[in-house]
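Below is one structure, written out as structure tokens; comments come after it.
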Amino acid sequence: MSSSRSTPAYELVRRGLGADRTLVGLPNGATFGGETLAICAGPCAVESAEQIDEVAARVALAGAGVLRGGAFKPRTSPYAFQGLGAEGLRLLRSAADRYGLAVVTEVLDPRDVELVAAHADLLQIGARNMQNFPLLRAVGEAGKPVLLKRGLCATVDEWLAAAEYLLVAGNPQVVLCERGVRSFDPATRNLLDLSVVPLLRERSHLPIIVDPSHGTGAAALVPAMALAAVAAGADGLLIEVHPDPASAASDGPQSLRPGEFAELTAALAPVAAAVGRRMPKLVSLPERIETALGFVPYQTNGTRLL
Ligand code: PEP
Ligand code: MN
């Protein structure tokens, strides 16, 4: 993208000389862009009360601070599961509240911004909508933090210019999310571009997180790429987790089981420490988690988690 001297494409998202980085905080204390990593986890789509409740309990116990789950799904085929809509938002919010989690979910349509903003703490703009300019304007005016995914074929300049729409609309609370780009090679669903992590830290003050689930399309590849993303300097992760990936309505092949997600967060701790980052503190979980799980969770050293 060309930018003339008089009208730079992204003046507001550009990193100023010596300027601080933006810290995006959510109401439950999860932060993006600080020393502590932001861990977002949950199913591709909200499918049922039981499904989202089980995932919320399990990811909260494993250290996630933000529950993800699509209620409005951007599907390639109009015949594929489109999400539960408003009911999905309600289920997602109540599961998150039960376990002290914040909510990130996608908004597809400018007409739904108010509804989604009433349930979410972080509004996700999906890869397919990165350059949906009316949506960017509407979300920019919503007054809620935004997660802006990189478009399927978007250059870094196009991505930052899209973020500029949000800042220009008056919203400085923007988190960028690398989720892989189209490549010539079908061996993985997308090509996860981890080089943008250090690149964006140079170019912009906005926090950057990585989604290795859509970035690879394969659950077996997710843990290694999640560790690599944090080693590269990512401010957090977005990971798809499903209680039974084989029966998932969408993106089962790239979804971790809850136990695999817990193994991943355990493996992440030494990597985070090695690059000067902290793992999120386990939120103090309401007693209801004990009821939901049917047992009292203990750490391996014998301390009660609740
Ligand atoms: C998602 O997060 O479920 C999603 C649809 O992601 P993307 O927009 O990156 O494809
Ligand atoms: Mn998905």
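All but one of (1) modelled with pLDDT under 95; (2) under 14 Å from Val230 (Cα atoms) hold for Asp211; which doesn't?
(1)
Any residue that is buried (at least 17 other Cβ atoms within 10 Å of the Cβ), in contact with a Lys or Arg (Cβ under 6 Å, 6 or more places away or on another chain), on the phi > 0 side of the Ramachandran plot and touching a residue at least 12 places away in the same chain (Cβ under 8 Å) - is there at least one of those in segment 77-84? Show your work before the answer.
Let us first name the residues in segment 77-84 that are buried (at least 17 other Cβ atoms within 10 Å of the Cβ), namely 82-84.
Narrowing further to those that are in contact with a Lys or Arg (Cβ under 6 Å, 6 or more places away or on another chain): 82-83.
Remaining after also requiring on the phi > 0 side of the Ramachandran plot: 83.
Checking the rest, the ones that are also touching a residue at least 12 places away in the same chain (Cβ under 8 Å) come to 83.
Yes, there is a match, as at least one residue in segment 77-84 is buried (at least 17 other Cβ atoms within 10 Å of the Cβ), in contact with a Lys or Arg (Cβ under 6 Å, 6 or more places away or on another chain), on the phi > 0 side of the Ramachandran plot and touching a residue at least 12 places away in the same chain (Cβ under 8 Å).
Can you tell me which residues in segment 124-140 are open to solvent by 50 Å² or more (accessible area, probe 1.4 Å) and either away from ligand 1 (no atom under 12 Å from the Cβ) or among the polar types (S, T, N, Q) (or both)? Give the steps one after another, and end with the answer.
The initial filter retains those residues of segment 124-140 that are open to solvent by 50 Å² or more (accessible area, probe 1.4 Å), namely 128, 131, 133-134, 137.
Result: Gln131, Phe133, Pro134, Arg137.
Can you tell me which residue within segment 260-274, out of those that are open to solvent by 30 Å² or more (accessible area, probe 1.4 Å) and in contact with a helix residue (DSSP H, G or I) (Cβ under 8 Å, 6 or more places away or on another chain), is farthest from ligand 1 (Cβ to nearest atom)?
Top of the filtered list is Ala274.
Among Ala234, Ala246, which is open to solvent by less than 40 Å² (accessible area, probe 1.4 Å), at negative phi and touching a helix residue (DSSP H, G or I) at 6+ places or on another chain (Cβ under 9 Å)? Give the steps one after another, and end with the answer.
On the way: Ala246 fails: open to solvent by less than 40 Å² (accessible area, probe 1.4 Å).
Residue meeting the stated conditions: Ala234.
On the given criteria, is Thr216 of a type in the set (S, T, N, Q) and within 16 Å of ligand 2 (Cβ to nearest atom)?
Numbers: of a type in the set (S, T, N, Q): yes; within 16 Å of ligand 2 (Cβ to nearest atom): yes.
Yes.
The values are calculated or read from the model by the stated rules, or taken from the named source; none is laboratory data. Values in this document were obtained by computation on a predicted structure and should not be read as measured data. In this analysis, Cβ positions are derived from the backbone assuming ideal geometry, glycine residues included, and neighbour counts consider all displayed protein chains. Ligands, DNA and RNA are stripped out before the accessible areas are found, and what is left, the full protein with its side chains, is counted by its heavy atoms. Shrake-Rupley method; radii C 1.70, N 1.55, O 1.52, S 1.80 Å.
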